[in-house]
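Inspection log for the structure reproduced underneath, given as structure tokens.
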Amino acid sequence: GAVVSQHPSWVICKSGTSVKIECRSLDFQATTMFWYRQFPKQSLMLMATSNEGSKATYEQGVEKDKFLINHASLTLSTLTVTSAHPEDSSFYICSARDERGGDYNEQFFGPGTRLTVL
Amino acid sequence: EDKVVQSPLSLVVHEGDTVTLNCSYEVTNFRSLLWYKQEKKAPTFLFMLTSSGIEKKSGRLSSILDKKELFSILNITATQTGDSAIYLCAVKNYGQNFVFGPGTRLSVLP
């Protein structure tokens with residue numbers, strides 16, 4: 001089956017620093033990847049849709065200058081949290097869409113990255 | 001605005017019980033409904049439903065979709081402690097976006 005990896009799986013950083021999270025589709029090409037954020041005991045909140053070779057589409061209320069998304073290839077999307085603050089501490093999950101379609105799961109999740117900003 | 005509602009939000013049962021989780025939706029250009037199980041990390045895929053009335057089964061789990069009434073249910077029979085998780089319902093439209101419900105937190109006690 002399709003595999004999506006995320007790196008790092010967890011990161012602790014100081015307030016004001018920037019953190020980059022990578023999302024890779026390992027055995028399929030993904031023109032579209034999604035970035036979600038999840039607070040404790042809450043559901044996934046879509047932050048942005050990442051499209052290979054073009055600008056990401058951000059959801060309402062998500063600051064694009066703070067959460068920089070780059071989808072440079074068909075297997076890699078990155079999310080950079082710039083000038084991180086404690087309120088950015090969260091669980092960040094990416095998913096990659098499998099274009100094969102049919103009666104098939106179309107969205108494969110990475111394992112997530114837990115970000116803690118001190 | 002697209003919306004997915006799940007109920008109950010929280011449920012506590014004992015091993016061996018049967019549970020039914022509900023998911024209703026209001027989505028333009030509906031394409032499919034997906035169920036996921038989330039334990040400590042990212043969600044894992046359970047079912048994808050696109051047609052009304054066709055039950056999908058996997059072991060003790062089963063799910064069905066009603067596109068007329070705009071809802072789906074996820075049944076778990078003979079629950080086990082390992083079924084304790086958050087169950088997420090997501091709906092996909094032809095715009096290719098996924099809209100997630102709030103999830104149902106299921107706790108199965110021994």
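Residue count for the stretch B:34-71 under the criterion of being more than 30 Å from residue A:5 (Cβ to Cβ) and surrounded by 15 or more Cβ atoms within 10 Å (Cβ to Cβ): the result is 6. Residues in the stretch B:85-107 that are more than 9 Å from chain A (Cβ to nearest Cβ), of a type outside the set (Phe, Trp, Tyr) and either within 16 Å of residue A:33 (Cα to Cα) or buried (at least 17 other Cβ atoms within 10 Å of the Cβ) (or both): B:85, B:89, B:91, B:93, B:95, B:104, B:106. In the stretch B:48-55, is there at least one residue being touching a Ser or Thr at 6+ places or on another chain (Cβ under 9 Å), in a strand (DSSP E or B) and on the phi < 0 side of the Ramachandran plot? Yes: the stretch B:48-55 contains one or more residues that are touching a Ser or Thr at 6+ places or on another chain (Cβ under 9 Å), in a strand (DSSP E or B) and on the phi < 0 side of the Ramachandran plot. Filter the stretch B:16-29 for residues that are at negative phi and at pLDDT 90 or above and give the result. Correct list: B:17, B:18, B:19, B:20, B:21, B:22, B:23, B:24, B:25, B:26. Considering only strands (runs of 3 or more DSSP E) fully contained in the stretch A:1-87, which possess at least 1 residues that are over 30 Å from residue B:5 (Cβ atoms) and in contact with a strand residue (DSSP E or B) (Cβ under 9 Å, 6 or more places away or on another chain)? Passing ranges, in order: A:4-7, A:10-13, A:19-25, A:67-73, A:76-81.
Among the residues making up the stretch A:1-45, those that are touching an Asp or Glu at 6+ places or on another chain (Cβ under 9 Å) and modelled with pLDDT under 90 are A:1, A:2, A:3, A:28, A:29, A:30, A:31, A:32.
Only residues that are closer than 23 Å to residue A:116 by Cβ and of a type in the set (Gly, Ala, Ser) were counted across the stretch A:9-30, and they come to 4. Of B:72, B:58, B:10, B:52, all but one fail to be hydroxyl-bearing (Ser, Thr, Tyr) and either facing another protein chain (nearest Cβ under 9 Å) or under 10 Å from the mean Cα position of the chain (by Cα) (or both); the exception is B:72.
Just to be sure before I move on: is residue A:99 within 14 Å of chain B (Cβ to nearest Cβ), surrounded by 19 or more Cβ atoms within 10 Å (Cβ to Cβ), over 13 Å from the mean Cα position of the chain (by Cα) and modelled with pLDDT under 95 in the structure I sent? For residue A:99, the condition - within 14 Å of chain B (Cβ to nearest Cβ), surrounded by 19 or more Cβ atoms within 10 Å (Cβ to Cβ), over 13 Å from the mean Cα position of the chain (by Cα) and modelled with pLDDT under 95 - is not met.
Taking the stretch A:8-26 as the range and being of a type in the set (D, E, K, R) and surrounded by fewer than 12 Cβ atoms within 10 Å (Cβ to Cβ) as the test, only A:14 passes.
The values are calculated or read from the model by the stated rules, or taken from the named source; none is laboratory data. Given the structure is predicted, the values throughout are model-derived calculations rather than measurements. Here the Cβ is made from the backbone with ideal geometry for all residues, glycine too, and neighbour counts use every protein chain on show.
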